[in-house]
Amino acid sequence: MKWIRKFHKWASIVVGIQFLLWLLSGIYFNLMDATKSKGRTYQARINYESPLVGDRLVEPSIVLLKNKPSVAIELIHILGEPFYKLTHEKALYPHFKNKYTLVDAYTAKRFLIDEQVAAEIANLSYNGPGEIFKIRLLDPTIPDFPKQQNPTWEIYFDDEIDTSVFIEANSGRIIGHSDAHKRLADIFFMLHFMDYGNTGSFNNIQNMFFAIAALWLILSGFMWTIHLGLKGKYKIRH
Amino acid sequence: MTIKIKLKQYTNGKILNKVSRKIHKWLMLFIGIQFVIWSVTGTYMVFFDIDYIHGDSLVVNHQDKINPHDIEYSLSTLFGEYPNAENIRLSTFLQQPVYRFKVNTQSGPVQFLLDARSGQPLSPITELKAIEAAHYYSTLGKVKSVVLITDNPPFELSPRALPAWRINFDDFGAPSLYFSQSTGELVGKRHTFWRLFDWMFRFHVMDYEDGGDIGNWLLFAVTFFAILGCVLGLIMTGFLLIRPTKKLVALHKNTSRGVIK
């Protein structure tokens, strides 16, 4: 029993502060607004309702012949216009490294998501009071979306919560929005995951070390509690 | 004079320590078990790499290229036969070029899979085709059983992916792959470690209903008392680290109450 107490005391010195941080960030997650914490305060739903002019579309086989070999070709819409998205190298998930080419589905010409197109997509996806004041092309890693591995446009809006819209540069995909609410939540996630390198993951060495220390703390405390119970130390005095 | 103040601080400290100990002890009688659950589930989630948990190592991501000359069934013919086709993509299924698309009907969206050479529908996928796909798109060994799921999907499969073939493998971690019966696409992958992870997460956030709801009242109440218990514990840890000098303790021991005024 003496050793269990010693373990408990030493473990509390090692992991005590981090334990409080886990609990405080935990209660923050419990109370936070899910929409705000995901940066969706000013995110609009985009519905493309543009009819395709079927006979104007270039045949996919012709597009495939004119471009690098592809594993997939998909008919998509960008700003209401049809495009072919050719996938040359397909990753397991969209945020992993993918290689795409965009082609105008009516003219078969290559299409690039430049600054202006990115701004227009961002405007469609945004329903807040702000206006665009800055646009920047980012190479990964992107602090607001650390798991995103493809080049990304960041479009800044001048609203009261500093909204930014993130558009994938090689596909036009809206990765998401970020704002003051999301960035605050991200700080709590960083504390909870001990992710001080901002990798977007909780599988890191410091977290593993403290998880083991916490396990020592909890299991020794648990045994201590059982011991106290067995010894009849839980009595309500009158 | 200084000794008097220090002694007073020491006595107050002793009371604070004692009260902290008492409340900490009683709190842990009630919420200690949740601490064990948090710690065990948290450790599990931290130690298993999340990409491994997601089953990324179960599947083979083939980069089969489409041969443009194989596509004898044109997109304009497709639009002629399926004027309301949406979300059209052309890729490969078991190395054959295929069209996949969706048609919205009154009873909901219907998915299609067509041979891009002949335009012949390839779905619904047969059991044999599903098994063939399961072998081709994975690194897994012997198939143990095959089930067609048309309703009431298990927790691990999204209802949107139905109808789907579930292929269970006789392999490490009891892996299962899910293939859409209507598109032949891989719509799910699970193994014991992911299934366990799902359970761990639900216990971690104390959601005993539908999984993944962090904003529940039970979690709030327990975490609130847990913070209290943790702060009291830290107070005691503080007293472990900032011990009064031995001299002072000795002095205090030899003084009876009322002597120092």
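Using a 7 Å offset from the Cα along the Cα-to-Cβ direction at both A:Ser201 and B:Ile227, what is the distance between the two label points in nm, to one decimal? Distance between label points: 3.1 nm.
Using a Förster radius of 22 Å, what is the FRET efficiency between A:Leu20 and B:Ile23 based on their Cβ-Cβ separation? Nearest 0.05, please. Working from the Cβ atoms, E equals 0.90.
Based on the Kirkwood radius over alpha-carbon pairs, what is the Stokes-Einstein translational diffusion coefficient of chain B at 20 °C with 1.002 mPa s viscosity, in µm²/s? Answer from the Stokes-Einstein relation: 89 µm²/s.
Its Kirkwood hydrodynamic radius, worked out from the mean inverse distance over all distinct Cα pairs, puts chain A at 21.7 Å.
With the simple spin-label model, which puts each label point 7 Å out from Cα in the Cβ direction, the A:Lys2 to B:Thr126 separation comes to 7.6 nm.
How much net charge surrounds B:Leu94 when only other residues with a Cβ under 10 Å from its Cβ are counted (Lys, Arg +1; Asp, Glu -1)?
Residues near B:Leu94 contribute -1 overall.
In order along the stretch B:181-189, the phi-based Karplus estimate (6.51 cos²θ - 1.76 cosθ + 1.60, θ = phi - 60°) of 3J(HN,Hα) comes to 6, 9, 10, x, 6, 6, 10, x, 8 Hz; Gly and Pro are listed as x. Computed from the Cβ-Cβ distance with R0 of 60 Å, the FRET efficiency linking B:Leu94 to B:Asn12 stands at 0.20.
Could you compute the FRET efficiency for B:Phe239 and A:Glu89, with r as their C-beta to C-beta distance and R0 at 56 Å, rounded to 0.05?
That pair, B:Phe239 with A:Glu89, gives E of 0.40.
Seen against the Cα atoms of chain B and their longest principal axis, helix B:192-204 is set at about 40 degrees. Using every alpha carbon pair in the protein assembly as shown, what percent of pairs falls into each 20 Å bin from 0 up to the bin containing the largest distance? Over the protein assembly as shown, the share of Cα pairs per 20 Å bin runs 18, 42, 26, 11, 3, 0 percent. When the GluC sites (Glu not before Pro) in the stretch A:134-238 are filtered for DSSP coil states and for at most 12 other beta-carbon atoms within 10 Å of their beta-carbon, the remaining sites are A:Glu160.
Kindly provide the helix-only [θ] at 222 nm of chain B, computed as the sum of -39,500 (n - 2.57) over DSSP H runs of four or more divided by all residues, to the nearest 500 deg cm²/dmol?
Helices in chain B give a 222 nm mean residue ellipticity of -14500 deg cm²/dmol.
Subtracting the Cα-Cα distance of B:Asn216 and B:Ser158 from 0.36 nm times their residue separation leaves 18.6 nm of extension gain. Between amide H atoms placed 1.01 Å from N, distances below 5 Å from B:Ile88 occur with A:Leu75, all of them 5 or more places distant or on a separate chain.
Spin-label model, B:Asn104/A:Lys99: points 7 Å from Cα along the beta carbon direction are separated by 3.6 nm. Between the stretch B:175-190 and the stretch B:112-174, the C-alpha centres lie 5 angstrom from each other. The long axis of helix A:180-193 is offset from the longest Cα principal axis of chain A by roughly 50 degrees. Our helix-only sum for chain A, with -39,500 (n - 2.57) per DSSP H run of n ≥ 4 divided by its residues, gives a mean residue ellipticity at 222 nm of -12500 deg cm²/dmol.
Sites listed here are trypsin sites (Lys or Arg not before Pro) in the stretch B:132-191 whose DSSP assignment is loop and whose Cβ has at most 16 other Cβ atoms within 10 Å: B:Lys142.
Cβ-to-Cβ counts within 10 Å put A:Thr87, B:Thr139 in ascending order as B:Thr139, A:Thr87, the fewest first. Globularity index of the stretch B:68-190 is 1.12 (Cα radius of gyration / 2.2 N^0.38 Å, N = number of residues).
Reported value for the stretch A:42-178: 104 Å³ per residue, from the convex hull of its C-alpha atoms.
Coordinate-derived values only; no laboratory data. Quick caveat: nothing in here was measured; it's all calculated off a predicted structure. Because the Cβ atoms are built from the backbone with ideal geometry, glycine has one as well, and the counts that use them run over all protein chains shown.
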